[in-house]
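These notes concern the structure reproduced below.
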Amino acid sequence: MEHTDDDRGTEARWHGTRVRLMAGDITQVSVDVIVNAANSALAGGGGVDGAIHAAAGPSVMAELRERYDGCPTGSAVSTGGGDQPARWIVHAVGPIWRGGDAGEADSLAGAYAASLDRAAEIGANSVAFSALSCGVYGYPLEQAAEVSLRAVQAWLSTHPDGHPEDIMWVLRGTPVMAAFRGALAALQEGTAE
C-alpha cells in the first residue's frame with residue numbers, strides 16, 4: 001500500500017500482524033475473509049448485512065440455513081464467500097446498544113474475537129471487518145471503535161501462532177473513519193510492540 005499524508009493514523013503492526021483502516025466497500029475487498037455484521041437469526045437484513053448478501057448471492061443464505069440455527073450475540077459463524085471476492089464470510093453478531101450497562105462491550109469484543117477464531121480455523125491470512133453494531137444497532141461510534149480495536153489487539157496477543165497477517169476495517173462514512181482513527185491513535189500512543 002502506498003502511503004500518503006492521508007494514511008497517517010490508519011495503520012499499525014500488532015504482534016506481527018498488519019492492522020489498518022480503509023474507506024470503501026467491504027464487498028469489493030479481495031481478502032480471505034470478510035466479517036459481516038449479522039443478526040442473531042442469520043436472516044439477512046439491511047446495511048452491511050444486506051450489501052454482503054446481495055454481493056454474495058443466494059448460495060450464502062442457503063448455506064447459513066443448512067448449517068446453522070441462528071447465532072448468539074457475541075458469537076460468529078462462517079460460510080463460503082459466494083459470488084463476492086472474499087473466499088469466506090464470517091457472520092458476527094454484535095450487540096444492540098441498550099445504554100452501555102447491558103454487557104454491550106463484552107458482547108462486541110466477543111463478536112470480534114469469535115470472528116478471528118473462525119478465521120483462524122479456516123486458515124485465513126487476511127480479514128476485513130465492518131464496523132460491527134455501529135449501524136442500526138446504534139452502538140456509539142467512539143466506544144465501538146475502541147472496543148473493537150482493543151478486542152483484536154487482545155486476541156492477537158493471546159494467539160501468537162496461526163493468526164492472520166493482515167487485518168483491516170473497511171469503513172463507510174467520515175464519522176465512522178474518524179472514530180476508528182481516533183481509537184487507533186489512542187492505542188498506538190499507549191502501545192509499543
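Taken together, the values in this text are just the output of simple stated rules run on the coordinates, not laboratory data. Everything numeric here is computed off the predicted structure, so don't read it as measured data. Here the Cβ positions follow ideal geometry from the backbone for every residue, glycine too, while neighbour counts run over all protein chains shown.
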Quick one: if the Förster radius is 45 Å, what FRET efficiency do S157 and V136 give, using the C-beta to C-beta distance and rounding to 0.05? 0.90
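As a test, work out the antiparallel percent of DSSP beta bridges whose residues both lie in the chain, rounded to the nearest 5.
Just about 35 percent of them are antiparallel.
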Longest principal axis of the chain (C-alpha) makes with the long axis of helix 47-56 (C-alpha) an angle, in degrees to the nearest 10, of 60
Please give the net charge around A51, taking every other residue with its beta carbon less than 11 angstrom from that of A51, where Lys and Arg add +1 and Asp and Glu add -1. -1
Among S126, S148, S157, whose mean-square fluctuation peaks in a Gaussian network model of the chain (Cα, cutoff 10 Å)? S157
Which order do the peptides 79-91, 158-170 come out in when sorted by mean C-beta neighbours inside 10 angstrom, highest first? 79-91, 158-170
Only residues of region 72-104 count here: report those whose backbone N is under 13 Å from the spot 7 Å along Cα→Cβ of A62, or say none. 80, 82-83
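Note down the magnitude of the dipole of the chain about its Cα centre, charges +1 on Lys and Arg C-beta and -1 on Asp and Glu C-beta and zero elsewhere, to the nearest 20 debye. The partial results should precede the final answer.
On the way: 12 positive and 24 negative charges, 51 e Å.
Using only the charged Cβ atoms, the result is roughly 240 debye.
Pairs of Cα atoms under 8 Å, at least six residues apart: use those to get the relative contact order of region 58-184, whole percent.
On the way: 184 pairs, mean separation 29.1, N = 127.
23 percent.
Which of the peptides 20-26, 65-71 is most tightly packed, and how do the rest follow, judged by the mean count of other Cβ atoms within 10 Å per residue? All intermediate terms of the calculation are to be shown ahead of the outcome.
Working: 20-26: 17.6, 65-71: 12.3.
Packing order, densest peptide first, comes out as 20-26, 65-71.
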Evaluate the distance, in nm, between pseudo-label points positioned 7 Å from the Cα of S40 and of R181 along their respective Cα→Cβ axes. 3.6
Taking amide H positions as placed 1.01 Å from N in the peptide plane, with prolines and chain starts having none, which residues 5 or more places from H91, or on another chain, fall under 5 Å of its amide H? N36, V77, S78, T79
